[in-house]
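Taking it in order: structure first as structure tokens, then the write-up.
Bear in mind these aren't lab numbers, they're just calculated from the coordinates by the rules spelled out. Predicted, not measured: the structure shown is a model, and the values here were computed from it. All Cβ positions, glycine included, derive from the backbone under ideal geometry; neighbour counts span all protein chains shown.
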Amino acid sequence: MSNRRSFLKKSAALGLGAFGADSLFNALHAQSFSEAEKLWNPASQDNEAYWSVIQDAYTASRSEVIILNNGGVSPSPVSVQVALEKYNLQAAQGPSYYMWRIMDKGREPLRKHLAALAGADPDEIAINRNATEALNTVIFGLPLQKGDEVIGTMQDYPNMIQAWKQRQLREGVVYKQLSFDFPVESEEQIVKAFENAITPKTKIIHVTHIINWVGQIMPVRKICDMAHKRGIEVVVDGAHSFAVLDYKIPDLNCDYFGTSLHKFLSAPVGSGMMWIKKDKIPKIWPLLCNSVPNSGDIRKFETLGTRSFPIEQAIGEAVNFQEAIGNKRKQERLHFLKKYWAEKAAKIPGVKIHTSLKPEFSCAIAGFSVDGLKPSEVDSQLFQKHNIHTVGIVWENISCVRVTPHVYTKLEHLDKLVGAIEQIAKRV
Ligand SMILES: Cc1ncc(COP(=O)(O)O)c(C=O)c1O
């Protein structure tokens with residue numbers, strides 16, 4: 001029996017998570033997933049029969065538009081959609097009672113569930129609304145002095161760059177940005193670039209685990225190990241790596257981590273998560289203030305005011321769905337889908353791929369360009385003539401069209417993408 005099959009069986013027997021009697025996953029997907037599991041052949045490269053069951057679990061696989069910008073925000077599988085609807089209908093009966101007295105009780109079990117997925121202690125997990133909120137909380141919460149230095153890159157996400165720049169403007173924190181010419185196929189080169197920028201005043205390194213513009217995987221563990229030897233802390237932006245790469249947050253050896261959950265985890269739009277190493281929690285000031293700002297309780301970061309508890313509670317079904325596929329299998333599939341279209345596109349005259357296709361350096365996201373055309377022109381032709389939704393990227397030294405498949409993406413959709421790129425490159 002495969003490990004996965006025995007996991008499913010064991011989970012079912014214990015009534016845990018995805019297969020718990022009261023989970024919507026159990027009601028809506030468990031049967032088809034169990035059938036799909038029987039189709040899985042670990043020795044085979046072709047498990048399309050298995051993946052077709054996963055695709056069917058997403059209504060987005062039948063969308064009129066082929067969606068290939070899942071890096072921006074992802075759709076949810078049916079169980080998450082139904083959960084959100086169910087909680088919304090319940091809240092509509094009287095939010096002050098159903099949200100604050102009933103759904104509120106679901107937060108601690110959800111924290112444990114997310115912590116299990118992240119391989120973390122639940123007391124290190126705060127639930128919030130997106131990666132911007134999580135990382136801005138860390139950036140503005142760090143007790144830095146005038147003259148303290150922070151190293152980031154020009155290719156980090158704008159919301160975090162702006163946060164660091166605001167600290168520079170208001171408080172005189174010195175924010176330095178490296179610049180990389182991606183793709184880079186040397187982890188050492190990246191680590192060295194950070195190391196060379198360190199001075200005795202460096203306190204923080206900010207690193208984006210997967211660069212959103214082109215999908216480059218950054219060697220976070222090696223950067224953290226190097227930084228810690230020098231007493232420097234590391235903030236990790238995991239918006240594009242969480243529920244994509246098969247890792248546990250503590251394995252990264254970072255100090256602070258933030259992610260959205262509405263990207264690859266497929267949780268409802270407006271869900272995010274922050275992780276802070278336990279002994280660092282007391283010194284981080286909450287962005288949205290709490291009565292005990294220096295507390296070591298991670299919950300001090302959840303004084304977010306009135307917000308949607310239905311969105312928060314439906315995260316649980318997204319975790320169920322993720323667990324049922326498994327992190328490793330999902331990472332391998334996303335890498336396969338990226339390679340599937342990108343290797344074919346690379347052979348088209350006039351087409352350039354902007355991302356390393358090696359599994360160590362990219363997973364779901366890759367970028368391409370067509371000679372003589374701006375990314376926005378390629379993006380609009382893909383949409384207007386071929387009904388394919390991607391995103392044109394022009395940022396610092398990067399100019400490409402970003403393509404992000406998800407587990408629900410069908411190979412025939414990627415074939416259409418490649419055909420469309422061919423026509424655009426040939427100007428037909
Ligand atoms: C690398 C990275 N970090 C953070 C974010 C912000 O995510 P959110 O808009 O969910 O806060 C994004 C969004 O695309 C991103 O690409």
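Order by neighbour count: Arg101, Arg107, fewest other Cβ atoms within 10 Å first, most last.
On the way: Arg101 10, Arg107 15.
Ranking Arg101, Arg107 by Cβ neighbours within 10 Å, fewest first, gives Arg101, Arg107.
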>> Along its three principal axes, how long is the range 280-357 when you only count alpha carbons? Whole Å, largest extent first please.
In response: 61, 29, 24
> When we measure straight from the Cα of Lys146, which lysines land under 30 angstrom away, once same-chain ones fewer than 8 places off are left out?
Replying inline: Lys165, Lys176, Lys192, Lys201, Lys203, Lys222, Lys229, Lys277, Lys278, Lys280, Lys283, Lys300
> Under the definition of Cα pairs under 8 Å and six or more residues apart, what whole-number percent is the relative contact order of the range 101-319?
Replying inline: 27 percent
> For the range 266-407, what's the relative contact order in percent, using C-alpha pairs closer than 8 Å and at least 6 residues apart?
Replying inline: 16 percent
> Given a cut-off of 28 Å, what percent of all Cα-Cα pairs of the chain lie beyond it?
Replying inline: 50 percent
> With each run of n ≥ 4 DSSP H residues scored as -39500 (n - 2.57), what mean residue ellipticity at 222 nm is computed for the chain after dividing by its residue count and rounding to the nearest 500 deg cm²/dmol?
Replying inline: -12500 deg cm²/dmol
> In a Debye calculation with equal point scatterers on the alpha-carbon sites of the range 329-426 and no solvent, what is log10 I(q)/I(0) at q = 0.10 Å⁻¹?
Replying inline: -0.23
> In units of 2.2 N^0.38 Å, what is the alpha-carbon radius of gyration of the range 40-154?
Replying inline: 1.51
> Which whole-number percent is the relative contact order of the chain (Cα, under 8 Å, 6+ apart)?
Replying inline: 21 percent
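Based on DSSP, what percent of beta bridges with both residues in the chain are antiparallel, to the nearest 5? Intermediate results must be reported in sequence, preceding the final value.
Values: 21 of 40 bridges.
Beta bridges within the chain, antiparallel portion: roughly 50 percent.
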>> Between the range 231-288 and the range 174-210, how far is it from one alpha carbon centroid to the other, in angstrom?
In response: 19 Å
> Three principal axis extents, largest first, for the C-alpha atoms of the range 166-303, in Å?
Replying inline: 45, 39, 29
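How would you order 278-290, 328-340, 253-265, 394-406 from highest to lowest mean count of nearby Cβ atoms within 10 Å? Could the numbers behind the result be given before it?
Working: 278-290: 15.5, 328-340: 19.1, 253-265: 26.5, 394-406: 21.1.
In descending order of packing, they fall as 253-265, 394-406, 328-340, 278-290.
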> So which lysines pass the test for Lys426, namely a Cα distance under 16 Å, with those fewer than 8 places away in the same chain ruled out?
Replying inline: Lys344, Lys347, Lys352, Lys374, Lys385, Lys416
